[in-house]
Protein chains: 2
Amino acid sequence: MKVVIVGGVAGGMSAATRLRRLNEDARIVVFERGAHVSFANCGLPYYAGGVIDDRDALLLQTPESLAARFELDVRVRTEVTSIDPEARAVTVRDLTTGVESVETYDELVLSPGASPIVPDLPGVERALVLRDVEDVDRLVGAVDGSARTAVIVGAGFIGIELAENLRRRGLDVTVVELADQVLGPLDPEMAAPVADELRANGVRLELGNQVTAIGADAVTLGDGGTVPADVVVMAIGVRPESALAVAAGIATGPRGGIAVDETMRTSADHVYAVGDAVEKIDAVSGQSGLVPLANPANRQGRLVADVISGLPVRPRPVVGTAIVGAFTLMAAAVGWNEKRLRAADRPYRAIHTHPQSHAGYYPGAQGMSLKLLVDPDTDAILGAQGVGGEGVDKRIDVIATAMVGGVTASELADLELAYAPQFGSAKDPVNMLGYVADNLRAGTAATIQWHELPAALDAGATLVDVRTPAEFAAGSIPGAVNIELDALRGRADELPAGELVVTCQVGQRGHTAARILRQLGCDVRNLDGGYRTWVAGAVRTDTLV
Amino acid sequence: MKVVIVGGVAGGMSAATRLRRLNEDARIVVFERGAHVSFANCGLPYYAGGVIDDRDALLLQTPESLAARFELDVRVRTEVTSIDPEARAVTVRDLTTGVESVETYDELVLSPGASPIVPDLPGVERALVLRDVEDVDRLVGAVDGSARTAVIVGAGFIGIELAENLRRRGLDVTVVELADQVLGPLDPEMAAPVADELRANGVRLELGNQVTAIGADAVTLGDGGTVPADVVVMAIGVRPESALAVAAGIATGPRGGIAVDETMRTSADHVYAVGDAVEKIDAVSGQSGLVPLANPANRQGRLVADVISGLPVRPRPVVGTAIVGAFTLMAAAVGWNEKRLRAADRPYRAIHTHPQSHAGYYPGAQGMSLKLLVDPDTDAILGAQGVGGEGVDKRIDVIATAMVGGVTASELADLELAYAPQFGSAKDPVNMLGYVADNLRAGTAATIQWHELPAALDAGATLVDVRTPAEFAAGSIPGAVNIELDALRGRADELPAGELVVTCQVGQRGHTAARILRQLGCDVRNLDGGYRTWVAGAVRTDTLV
């Protein structure tokens, strides 16, 4: 058996090494257009910032090491220019010599990845991107030279990582983002703390703005302003590299990625595809979509090797867990966010909490904000987001696992998570999300979201802030009246008839207040996530959802 | 409705506050024998060590704060001395005045907890225990006084936390443990790094030894030795406080805890019990057992409030997730360990790995050891253990969640866990456990455990170490021959006929070696966890399993 693999990173290399372990006799040829295989692409921003100071640390394998251990025939700087599925052959060009040749295969695996989107702007040829080692070499060359200012276009995961790392190198950094928020995978009120953190670390944010032209040492913005930019990096997203497949008549999916079935087979016989170039089945919707992440790429690489080797495989829809560091914060997400649910007109419940990373009585606990999205009919978890200084990764990983295991939102309350006071809480933040979900499911709680509050107040609802007078004085929602929780039973008769909304700092006292008032016969909802979520949503973002 | 609750910590207080939120009109009386309710019992060792320096931080609530917010009638220093289920009444004694009175109830919730086991030894009246705030006051008083030496009896979770914290206060600390290992919930090879860490931090360990008598300033050991001991703390375990229930004719379970059904009902009408005092259903075996942990106690407290309030509840078998810090290490476990599986004669597969806490190319990754136990018939996860410097809590939490969600061992490979290089790996340590499990399930890998190796070698197997010559020279298993992995294909003809065992540092290169040799027709198994597990098991523990 001869297997040809196009692309020597993540999915391609996972496929190659697994294939070798399963088929000692197979001939395995890997073509990689770039100069390096199996490099640490997720480490590139941190090499640019000097956190990873040894360039060799990025190069996890070389063609020589892969030949020695796995008898792989790895050819770098070699581009596959066409596929002939009928002949089971690919045409390859040696990018050093320009010589073309034909390579036959029994099975072909496409793992070409996704390429940074570079819009057609005046001057865009000066813009850098960050996809491979050559890219980061160019970026480091620029930063080590005379560059003092940088504009990063796009405030997604890579844009934010770059902003942090170029600040680390001392540059003046501006991030320009078309949306009104950073970090599109998160909802605006969850992304707001990340924007604050970026600004607090000297990153200038141009949200709701765009670059319209790139000049010699500056960029022009859509609002007419200019920003100095010795370096411009495009980080607005990636698109699947499907051109090679399309040219060979291989089908693509609705989002432009290569279409594959559950076994990674494309529409052409003996041609498989994996990784960022293919469309994947979304676990929440069952629909096809693009999820350019390392974990699914690697697992698809292994899976395609199993398929080619005749082993049975499991279908694997994706939940799309992702995380990013931003100076002292981390932000992570899994599944769908509220924006997407609203856009799809899909019913949901949203839950916001602001727990601490571990028991508050043990020193060093750090605050975080969590958000859970729940199917109101089935209680299934639709997605989650978290932002904070510590322990967000753990909670999102637990929720991602719960989603895969079919643990419902309410059942999060039952999870037994490792507790000693330096690591968590007897009622872990994930448990608390479950408790809230259980109350909503059972009807023992009713909440209102931050972005629903204006309409409720306009309709005449009374907003009751049950925090202490001191907390209330330090900042409150316009129009709120203050009745401290511990005085509420005695002062409930002060409240007018009609709908009530209660609020506190994070939503917990508000829940107790709502329980008291409900049992007194009031029509009451608790402001989900309390004052803190309201501030993050209504104040710190520029627009309501 | 009048509800009487016996015990004002964890389960009892969770029940009381939830009851109030559900029943604004109920009368709720909480009797607590001690001077404090709702204190942070898991924080006591860290207060003893000065990590938590404010004693008030331990006192999360007071009777006054609970009255103000939840209208609870909390009576501390008040002991319930008998229950009359027929009359629905308890007799209570005010421990300050000695006055007895009778309190009737509609529903009674028992949450008396578990008490430290104090063996009947000469001089044991001098020994301290660590259960409540009064206990820690005594301990701190001793440590702040003239104490310079301490003996802690028992190397379980509390014993180890105490050892660390008394070292922090400058005492000479000896831990005496009857078993041959520390941390009984872990298997010996997983506990070995914790023992190393304790010794490296100046804790003297007396394993396989016991205290036979306690003198004025020293203890006598079972081997005849003596150890100076200004302070002696008993931490050999706890037993459920079931005496009050037993005296009332309430049934107990096979392990001596109060017997309850899935709704926390005892054998007496209108009497419920929760927390460390009750037997719980083990998720792995479906059998009744004792699991004295904070998380199940809290969730049972909430559950019993729901039951009393007429809400539907879910049955909740326990997996028993637990964690302990030991200086720079953390050690965690969930489900069953290998010792227990062997003792129960239950079939299992064991998997050991030694991953890093995050991508190795990003600075600061810390090593950890993980162990997974798998049902060979169903591929169900039976348990897991971890020890390391960072990120162990996250992996055990993910596995605990997978167990609850019915995610199989092989399916751990499919989990999408948040990856950026400072937080994890594209193939997370949990994914890697899944990959190994999948190989074992599919038969593409066969392993041998460290404790099975001596018998295999005695039976004539050849042990092949595929690490580099330099690694081999730095320490190897007696009798091993060294053929570096990258030379194995060329040198396989040097190997004798008969069974082969391959090994490397952590098991990963051994897997590739085994795949090569298997396809050459060899009868080969890979030493699970490699040299590192073998050293931890065969060298660093005193006995084989």
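Would you kindly state how much longer the chain becomes between residue B:343 and residue B:62 on full extension, computed as 0.36 nm times their sequence separation minus their alpha carbon distance, in nm to one decimal? The partial results should precede the final answer.
Values: separation 281, 0.36 × 281 = 101.16 nm, distance 4.51 nm.
Fully extending the segment from residue B:343 to residue B:62 adds 96.6 nm.
Ordering A:397, A:56 by accessible area with a probe of 1.4 Å, largest first, what comes out?
Numbers: A:397 0, A:56 100 Å².
These residues rank, largest area first, as A:56, A:397.
Provide the solvent-accessible area of residue B:330, counting protein heavy atoms only and rolling a 1.4 Å probe, rounded to the nearest 10 Å².
Roll a 1.4 Å probe over it and residue B:330 shows about 20 Å².
Ratio of region A:124-236's C-alpha Rg to 2.2 N^0.38 Å, to two decimals?
Values: Rg = 13.0 Å, N = 113, 2.2 N^0.38 = 13.3 Å.
The value comes to 0.98.
Hey, any idea what Rg/Rh is for region A:34-93, computing Rh the Kirkwood way over Cα pairs? Provide the component values of the computation, followed by the final result.
Working: Rg = 15.4 Å, Rh = 13.6 Å.
Rg divided by Rh gives 1.13.
Cα-based Rg of the protein assembly as shown per 2.2 N^0.38 Å, rounded to two decimals? Show your work: numbers first, answer last.
On the way: Rg = 31.0 Å, N = 1090, 2.2 N^0.38 = 31.4 Å.
For the protein assembly as shown, the normalised Cα radius of gyration is 0.99.
Across region A:226-234, in residue order, what do the Karplus-derived ³J(HN,Hα) couplings come to in whole Hz, using 6.51 cos²θ - 1.76 cosθ + 1.60 with θ = phi - 60° and x for Gly and Pro?
For region A:226-234, the Karplus curve yields 10, 10, x, 7, 5, 10, 10, 10, 8 Hz.
For region A:1-125, what class follows from the C-alpha gyration tensor (a ≥ b ≥ c being the square roots of its eigenvalues): rounded when a/c is under 1.5, otherwise prolate if a/b is larger than b/c, else oblate?
Values: a/c = 2.17, a/b = 1.27, b/c = 1.70.
Oblate, because a/c is 1.5 or more while a/b does not exceed b/c.
Round to a whole number: what % of the accessible area of chain B belongs to carbon and sulfur, probe 1.4 Å?
Working: 9390 of 19160 Å².
The computed percentage sits at 49.
Only four residue types carry charge here, +1 at the Cβ of Lys and Arg and -1 at the Cβ of Asp and Glu. Report the dipole size of region A:447-539 about the Cα centre in Debye, rounded to the nearest 20.
Values: 8 positive and 11 negative charges, 53 e Å.
Here region A:447-539 has a charge dipole of around 260 debye.
Along the charge dipole of chain A, Cβ charges K/R +1 and D/E -1, which of A:361, A:311, A:503 sits furthest on the positive end?
Checking the options against the dipole of chain A, the answer is A:361.
For region B:317-333, just list the computed ³J(HN,Hα) in residue order, Karplus coefficients 6.51, -1.76 and 1.60, θ = phi - 60°, integers in Hz, with x standing in for Gly and Pro.
My calculation for region B:317-333 gives x, 10, 9, x, 5, 8, 8, 9, x, 9, 6, 8, 9, 10, 10, 9, 8 Hz in order.
Heavy-atom accessible area per residue, region A:328-442, 1.4 Å probe: how many Å²? Intermediate results must be reported in sequence, preceding the final value.
Working: 2980 Å² over 115 residues.
Here the residues of region A:328-442 average 26 Å² of exposed surface.
Tell me the mean residue ellipticity at 222 nm calculated for chain A from its helices only (DSSP H runs of n ≥ 4, each -39500 (n - 2.57), averaged over every residue, nearest 500). Before the final figure, lay out the partial values.
Working: 16 runs with 151 residues, N = 545.
Rounded to the nearest 500, the figure is -8000 deg cm²/dmol.
Amide H neighbours of residue B:2 under 5 Å, counting only residues 5+ apart in sequence or on other chains, H built in-plane at 1.01 Å?
B:27, B:106, B:107
Using a 1.4 angstrom probe on protein heavy atoms only, which residues from region B:471-488 are buried by at least 30 Å² of accessible area when all chains are present rather than their own chain alone?
B:486
Put simply, what bits of region A:413-435 lose 40 Å² or more of accessible area when the other protein chains are there, versus the chain on its own (1.4 Å probe)?
A:414, A:415, A:416, A:417, A:418, A:419, A:423, A:426, A:427, A:435
Mean projection of the alpha-carbon convex hull of chain A over all orientations, in nm²?
Working: hull surface 111.3 nm².
Mean orientational projected area (chain A, Cα hull): 27.8 nm².
Put +1 on the Cβ of every Lys and Arg and -1 on every Asp and Glu Cβ in the protein assembly as shown; which of A:49, B:244, B:141 then has its Cα farthest towards the positive end of the dipole?
Farthest along the dipole direction, towards plus: B:244.
Once B and A are treated as a pair rather than alone, how much accessible area drops out, both sides summed, in Å² to 100, probe 1.4 Å?
Working: alone 22860 and 22850 Å², together 38300 Å².
In total, this chain pair buries about 7400 Å².
Residue by residue through region A:274-288, which ³J(HN,Hα) values in whole Hz follow from phi under the Karplus form 6.51 cos²θ - 1.76 cosθ + 1.60 (θ = phi - 60°), with glycine and proline marked x?
9, x, 5, 7, 9, 7, 10, 7, 6, 5, 7, 9, x, 8, 7
Taking the Cα centre of region B:124-236 as origin and charging only Cβ (+1 Lys, Arg; -1 Asp, Glu), how large is the dipole, in debye to the nearest 20? Show your work: numbers first, answer last.
Details: 9 positive and 19 negative charges, 60 e Å.
Here region B:124-236 has a charge dipole of around 280 debye.
Report, for region B:1-78, the % of DSSP beta bridges that are antiparallel, rounded to 5.
Working: 1 of 9 bridges.
Expressed as a percentage, antiparallel bridges in region B:1-78 total about 10.
When we measure straight from the Cα of residue A:427, which lysines land under 20 angstrom away, once same-chain ones fewer than 8 places off are left out?
Hits, sequence-local ones excluded: A:371, A:394, B:280, B:394.
Using all alpha carbons of region A:153-296, what is the percent of pairwise distances in each 10 Å bin, ordered from the shortest bin to the longest?
11, 32, 25, 22, 10, 0
Only bridges with both residues in the protein assembly as shown count here: give the DSSP antiparallel percent, nearest 5. Working shown, then result.
Working: 98 of 184 bridges.
For the protein assembly as shown, the DSSP antiparallel bridge percentage is about 55.
Find the accessible area per residue for region A:184-324; the probe is 1.4 Å, ligands and nucleic acids are left out, and the unit is Å². Could you put the intermediate results ahead of the total?
Numbers: 5100 Å² over 141 residues.
Here the per-residue accessible area is 36 Å².
Putting +1 on Lys and Arg Cβ atoms and -1 on Asp and Glu Cβ atoms, find which of A:11, A:407, A:113 reaches farthest to the positive end of the dipole of chain A.
A:407
Just the number please: accessible area per residue for region A:1-141, 1.4 Å probe, all protein chains included, in Å². Could the numbers behind the result be given before it?
On the way: 5490 Å² over 141 residues.
Solvent-accessible surface per residue comes out at 39 Å².
For region A:65-157, what is Rg from Cα atoms divided by 2.2 N^0.38 Å, rounded to two decimals?
Values: Rg = 18.3 Å, N = 93, 2.2 N^0.38 = 12.3 Å.
Ratio of Rg to 2.2 N^0.38 Å for region A:65-157: 1.49.
Could you give the semi-axes, largest first, of the ellipsoid that matches region B:328-442, computed as the square roots of 5 times the alpha carbon gyration tensor eigenvalues and rounded to whole Å? Write out the running numbers ahead of the final one.
Values: eigenvalues 112, 47, 24 Å².
Value: 24, 15, 11 Å, ordered largest first.
How many partner chain Cβ atoms sit within 10 Å of a residue's Cβ in peptide A:353-361, on average, as a whole number? The partial results should precede the final answer.
On the way: counts 0, 0, 0, 0, 0, 1, 8, 3, 13.
What the average comes to for A:353-361 is 3.
With a ≥ b ≥ c taken as the square roots of the eigenvalues of the C-alpha gyration tensor of region A:447-539, please select rounded if a/c is under 1.5 and otherwise prolate if a/b is larger than b/c or oblate if it is not?
On the way: a/c = 1.58, a/b = 1.20, b/c = 1.31.
Note, shape of region A:447-539 comes out oblate.
Listed highest first by mean packing, meaning other Cβ atoms within 10 Å per residue, what order do B:375-383, B:334-342 come in? It would help to have the intermediate numbers written out before the result.
Working: B:375-383: 18.9, B:334-342: 22.2.
Final packing ranking: B:334-342, B:375-383.
Under a 5 Å amide H to amide H cut-off, with H placed in plane at 1.01 Å, what residues pair with residue B:205 once short-range neighbours are removed?
So residue B:205 has HN proximity to B:175.
If you put +1 on each Lys and Arg Cβ and -1 on each Asp and Glu Cβ, how big is the dipole of region A:328-442 around its Cα centre, in Debye rounded to 20? Don't skip to the end; give the middle numbers.
Details: 10 positive and 13 negative charges, 76 e Å.
Computed charge dipole of region A:328-442: roughly 360 debye.
List for region B:33-47: residues with 40 Å² or greater reduction in accessible area, all protein chains versus chain alone, probe 1.4 Å?
B:42, B:46
For chain A, give me the percentage of DSSP beta bridges that are antiparallel, rounded to the nearest 5 percent.
Numbers: 49 of 92 bridges.
Taking every DSSP beta bridge within chain A, about 55 percent pair in antiparallel fashion.
The values are calculated or read from the model by the stated rules, or taken from the named source; none is laboratory data. Just so it is clear, the structure is predicted and the values come from calculations on it, not from any experiment. A quick note on method: Cβ atoms are made from the backbone with ideal geometry, for glycine too, and the neighbour counts reach across all protein chains shown. Just so you know, the surface numbers come from the protein's heavy atoms only, side chains and all, with ligands and any DNA or RNA stripped out. Shrake-Rupley method; radii C 1.70, N 1.55, O 1.52, S 1.80 Å.
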